[in-house]
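The values are calculated or read from the model by the stated rules, or taken from the named source; none is laboratory data. What you are looking at is a predicted structure, and each value in this text was computed from that prediction instead of being measured. Reconstructed Cβ throughout: ideal geometry from the backbone, glycine too, with neighbour counts over all protein chains shown. Heads up: the accessible areas ignore ligands, DNA and RNA and are worked out on the full protein's heavy atoms, side chains in. Shrake-Rupley method; radii C 1.70, N 1.55, O 1.52, S 1.80 Å.
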Amino acid sequence: MFQSHPLIYTLLMAAALMMNACAHRSTHGHTEVTPIAVTSPTPTTTTHYTVLEFQVGKTHLSTHEQEKIKTLTRVAEQSGQAVSEVRILAWADDSEVQEPKLADQRATQVRSLIKADLKSSAPVSVYNMSQDPQKFTELIREEDPKRKITFKNTEPVSFGKGPKSSLAGNKSSKAIVMIRYE
């Protein structure tokens, strides 16, 4: 085809040579390749979290569970990142039965402990999961596809394997505290 149209062949070759010349630049006798398109990596936002367990019917945390909050706040302060928000999600004893008062009292208890330990003026958002259990899925997913969230559990032992493993499963008598950074 190109043999019958030498002009087309010549134009295609000239275009290919010009494109090749644009991708290279000569500096003092050696050739340097410049990238045509540079893509930046997707920004990652870290969210540290811990899962707290309440005794059935109780609103106060054991000493062990309070220590998890202290560990979480220490990790947040040592990260060197500015805290943008603290999220507290609290459940009642039975995820099938709505007990909003119990979940609310638990969230209030956790909030007071967080406020006492965390040296940040970031807003603290409380979510009563007994009233709106579907909210959990929405809260652990980032709406903006350009931002990726990396969840890091601050507990020494996770319930399973993987960064979000302790976020899965039954949430009865539990609360989750998430510290999000800017």
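Could you count how many residues in region 90-120 are at pLDDT below 90 and under 25 Å from the mean Cα position of the chain (by Cα)? Result for region 90-120: 3. Got at least one residue in region 135-152 being of a type outside the set (S, T, N, Q), open to solvent by 70 Å² or more (accessible area, probe 1.4 Å), assigned to a helix (DSSP H, G or I) and at pLDDT 85 or above? No, region 135-152 contains no residue that is of a type outside the set (S, T, N, Q), open to solvent by 70 Å² or more (accessible area, probe 1.4 Å), assigned to a helix (DSSP H, G or I) and at pLDDT 85 or above.
Filtering region 97-120 to residues that are surrounded by fewer than 14 Cβ atoms within 10 Å (Cβ to Cβ), of a type in the set (A, V, I, L, M, F, W, C) and in a helix (DSSP H, G or I) leaves only 116.
Going by what's in this entry, would residue 24 be described as over 30 Å from residue 117 (Cα atoms), at pLDDT below 50, out of contact with any Phe, Trp or Tyr (no Cβ under 9 Å at 6 or more places or on another chain) and open to solvent by less than 90 Å² (accessible area, probe 1.4 Å)? Answer is yes for this residue.
Scanning region 50-76 for residues that are within 19 Å of residue 103 (Cα to Cα), in a helix (DSSP H, G or I) and among the aliphatic types (A, V, I, L, M) turns up just one, 69. Is it true that some residue in region 80-96 is within 24 Å of residue 169 (Cα to Cα), part of a helix (DSSP H, G or I) and either of a type in the set (D, E, K, R) or open to solvent by 80 Å² or more (accessible area, probe 1.4 Å) (or both)? No, region 80-96 has no match at all.
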